[in-house]
Amino acid sequence: MSGTFEQQAAEFGAAGALLGLDVGEKTIGVAVCDPARQVATPVETIRRKKFTPDAARLAELARERNAAGLVLGLPLNMDGSEGPRAQSVRAFARNLARILPLPVAFWDERLSTAAMERELIALDTSRAKRAEKIDEMAATFILQGAIDRIRGLST
């Protein structure tokens with residue numbers, strides 16, 4: 001799980017669905033892309049309980065969608081350094097790897113939630129609806145950025 005995003009993403013192979021995760025303290029936003037890795041779509045928001053049931057749900061989603069790998073949003077500080085939240089995401093990924101042995105790539109998620117919040121406001125989505133959907137939308141934004149980058153590598 002070290003190296004650049006490009007090195008990590010090489011482990012995914014040429015095709016196959018990927019799950020995108022926006023791992024927060026209270027929720028995990030989940031998105032998926034098609035096997036051709038063209039479009040990311042929101043799946044669900046998992047309300048975090050304890051690690052084991054959260055990981056079991058992610059494993060179930062990965063199996064249902066025949067996922068080839070996971071893209072986790074890495075919440076870097078604005079200067080690019082890693083703070084406690086980024087370390088927490090890396091620890092989550094290490095623990096998840098014991099239950100869900102899929103390749104993992106980390107995607108710089110700076111401003112992804114803010115970008116999705118602006119998007120939902122522009123669509124005139126109610127505050128309650130935004131709160132309900134923001135994490136899976138952020139996961140979609142993260143995954144779309146990652147698959148766009150992966151496609152750019154193969155051209």
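The values are calculated or read from the model by the stated rules, or taken from the named source; none is laboratory data. This is a predicted model, so every value here is computed, not measured. Heads up, the Cβs are rebuilt from the backbone with ideal geometry, glycines too, and the neighbour counts pull from every protein chain shown.
Points worth noting:
- Scanning segment 63-78 for residues that are more than 12 Å from the chain's Cα centre (by Cα) and crowded, with 21+ Cβ neighbours inside 10 Å yields a count of 1.
Residue by residue, here is whether (1) closer than 21 Å to GLU6 by Cα; (2) at pLDDT below 60; (3) surrounded by fewer than 18 Cβ atoms within 10 Å (Cβ to Cβ); (4) of a type outside the set (A, V, I, L, M, F, W, C) holds:
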site	(1), (2), (3), (4)
ASN95	no, no, yes, yes
ARG98	no, no, yes, yes
TRP107	yes, no, no, no
ALA122	no, no, yes, no
ARG127	no, no, yes, yes
ARG130	no, yes, yes, yes
ASP135	no, no, no, yes
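- Residue match in segment 18-36 (condition: acidic (Asp, Glu), under 14 Å from THR140 (Cβ atoms) and out of contact with any Gly (no Cβ under 9 Å at 6 or more places or on another chain)): yes
- Residue within segment 8-27 that is exposed (fewer than 14 other Cβ atoms within 10 Å of the Cβ) and at pLDDT 95 or above present: no
- Strands (runs of 3 or more DSSP E) wholly inside segment 1-82 containing at least 1 residues that are over 19 Å from ILE99 (Cα atoms) and acidic (Asp, Glu): 40-47
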